[in-house]
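> Here it is: the structure, laid out below.
What follows is calculated from the coordinates using simple rules that are stated; it is not laboratory data. Here the structure is a predicted model, which is why all the values come from computation and not from measurement. In this analysis, Cβ positions are derived from the backbone assuming ideal geometry, glycine residues included, and neighbour counts consider all displayed protein chains.
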Amino acid sequence: MVENRTVFRDKTIRYTGLVNIAAFYKMIDDFFRQRGYDKNELKNFEEVRENERQIIIEIIPYKKISDYTQLKIKLNMLFAHLKDVQVEGSTEPLQSCNITIVMDAFLETDYEGRWDSKPFYYFLRTVFDKYVFKGYVYRNEQMLRQHADELEIEIKSYLNMARYR
Amino acid sequence: MGEKIPLNEPIRILYNGIFDFDGVYRFMYDWIIREGYDFHEKRYKDKPDTHGGSEAEIEWECDRKETEYIKQHLFFYFHTRDAVEVEVVVNGVKKTMTKARLEIRLSCFLELDWQNRFKGKISKLFGELLMKKILKWEWILKYGDDLYYRVYGLGEQVKTFLNMSTDKGAY
């Protein structure tokens, strides 16, 4: 059984305005690719209505640090009331919409399930994680937190949102 | 029958609108044949004229032998609900398309020792030692990763065909 350590949950970004959805999605994909994450798109839902569209995307890209630890960042994105907009003097395809992005980050250990076949192995794993490999676990958590912070800054910068820390 | 190892959670593409279902069907079929997979349509369930429209469920299973020990498997699932045929004008030409809720699920897995050569007790141990310890990263990177991203590429092509906004990824 995989041991999931939640680094943070429900970090939300909300935005209403103009955005190029295709470029925004590619930007997020690029971000994960540059940091060595593997793509994992669970759901991509696009609903076309009479006057508007709605897109729901769920991705959980993951990065295997070793054969024991992997980092996961889960993104739930909702693009609501999406309408195509033509801005004067610009050829870029833009859409006006409400964006809601909810971010969670998890540190997964023993994702291959090697250390849970017997109770003694499980005990050993827990003791090692808590006392012997404490530094490694902390370092991996900090790496995950840093990636999530960078992603948040990247998204806010792309959407030209105010960034106050 | 060897051990089947799933490479991904099923990729779900959901679309609600007007699209060319025959086109999607033929497009994906052409992709499978072009890539050299053996095609099996496991199920084709069609419920015409139910409340709200017709419903169809299609399951495809495709496989391709990579080596004497490794076989790639693809599993595709299509589900259309509330489907009605509509006539639309595309580039000045009248075309019959489908207005429906479409769900496509794409998943892939690798089968090790598909010829079941490591049958006996001791042979099985050697087989496991070979595939899970000695050659583990070779087949994961060479065949697993390749198949994994190929399926994602197909998913993006399907999204482009359906004219979805998030069809261009970075991988």
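> Using the Karplus curve 6.51 cos²θ - 1.76 cosθ + 1.60 with θ = phi - 60°, what ³J(HN,Hα) values do you get for each residue of the range A:86-100, in whole Hz, with x for Gly and Pro?
Values per residue, Gly and Pro as x: 10, 9, 5, x, 10, 9, 6, x, 10, 10, 9, 7, 9, 10, 10 Hz.
> By what distance, in whole Å, do the Cα atoms of the range B:3-161 stretch along each of the three principal axes, largest value first?
64, 31, 22
> Would you mind working out the magnitude of the charge dipole of the protein assembly as shown relative to its Cα centre, with +1 at each Lys and Arg C-beta and -1 at each Asp and Glu C-beta, to the nearest 20 Debye?
On the way: 54 positive and 55 negative charges, 255 e Å.
Using Cβ point charges on Lys, Arg, Asp and Glu, the protein assembly as shown gives about 1220 debye.
> What percentage of all Cα-Cα pairs in the protein assembly as shown are separated by more than 31 Å?
Summing the P(r) of the protein assembly as shown above 31 Å gives 45 percent of all pairs.
> Run the numbers on chain A and let me know its relative contact order in percent, using alpha-carbon pairs under 8 Å that are six or more apart.
Values: 280 pairs, mean separation 45.0, N = 165.
Relative contact order of chain A: 27 percent.
> Now, a different point. Counting only Cα atoms, I'd like the Rg/Rh figure for the range A:3-158, Kirkwood definition for Rh.
On the way: Rg = 19.2 Å, Rh = 17.5 Å.
With Rh from the inverse mean 1/r over Cα pairs, Rg/Rh is 1.09.
> In the range A:1-92, how does Rg compare with the Kirkwood Rh, expressed as the Rg/Rh ratio over alpha carbon atoms? Mind showing how you got there, number by number?
On the way: Rg = 16.4 Å, Rh = 15.6 Å.
Expressed as Rg/Rh, it is 1.05.
> Let me ask something else about it. By how many nm would the segment from B:GLU87 to B:GLU61 lengthen if fully extended, with 0.36 nm per residue of separation less the alpha-carbon distance? Spell out each step's value before the answer.
Values: separation 26, 0.36 × 26 = 9.36 nm, distance 3.20 nm.
Here the answer is 6.2 nm.
> What distance in nm separates the simple spin-label points at A:THR6 and A:VAL85, each placed 7 Å from Cα in the Cβ direction?
3.5 nm
> Moving on. Could you give the dipole magnitude of chain A about its Cα centre, charging the beta-carbon of Lys and Arg +1 and that of Asp and Glu -1, in debye to the nearest 20?
Numbers: 26 positive and 26 negative charges, 144 e Å.
It works out to roughly 700 debye.
> Return the calculated 222 nm mean residue ellipticity for chain A, to the nearest 500 deg cm²/dmol, obtained by summing -39500 (n - 2.57) across DSSP H runs with n ≥ 4 and dividing by the residue count.
Numbers: 3 runs with 48 residues, N = 165.
The per-residue figure over chain A is -9500 deg cm²/dmol.
> In whole angstrom, note down how far apart the Cα centers of the range B:1-41 and the range A:96-140 are.
Each part reduced to its Cα centre gives a spacing of 33 Å.
> Between B:LYS132, B:LYS94, B:LYS42, which gets the highest mean-square fluctuation from a Gaussian network model of chain B, Cα cutoff 10 Å?
For chain B, modelled as a Gaussian network with Cα springs under 10 Å, the answer is B:LYS94.
> Here's another thing I want to ask about it. Take the Cβ-Cβ distance between A:LYS134 and A:LEU42 as r, set R0 to 35 Å, and report the resulting FRET efficiency rounded to the nearest 0.05.
Values: r = 32 Å, r/R0 = 0.92.
Result of the calculation: an efficiency of 0.65.
> Right, here's the next one. Label-point separation (nm) for B:ASP38 and B:LYS121, each offset 7 Å from Cα along Cα-to-Cβ?
In this crude label model, B:ASP38 to B:LYS121 measures out at 3.3 nm.
> To continue, here is another question. What does the charge count near B:LEU125 come to, summing +1 for each Lys or Arg and -1 for each Asp or Glu among other residues with Cβ under 12 Å from its Cβ?
Numbers: positive: B:LYS119, B:LYS121, B:LYS124, B:LYS132, B:LYS133; negative: B:GLU128.
So the environment of B:LEU125 carries a net charge of +4.
> How far is helix A:134-158 tilted off the main Cα axis of chain A, in degrees rounded to 10, range 0 to 90?
0 degrees
> So which aspartates and glutamates pass the test for B:LYS133, namely a Cα distance under 14 Å, with those fewer than 8 places away in the same chain ruled out?
A:ASP67, A:GLU112
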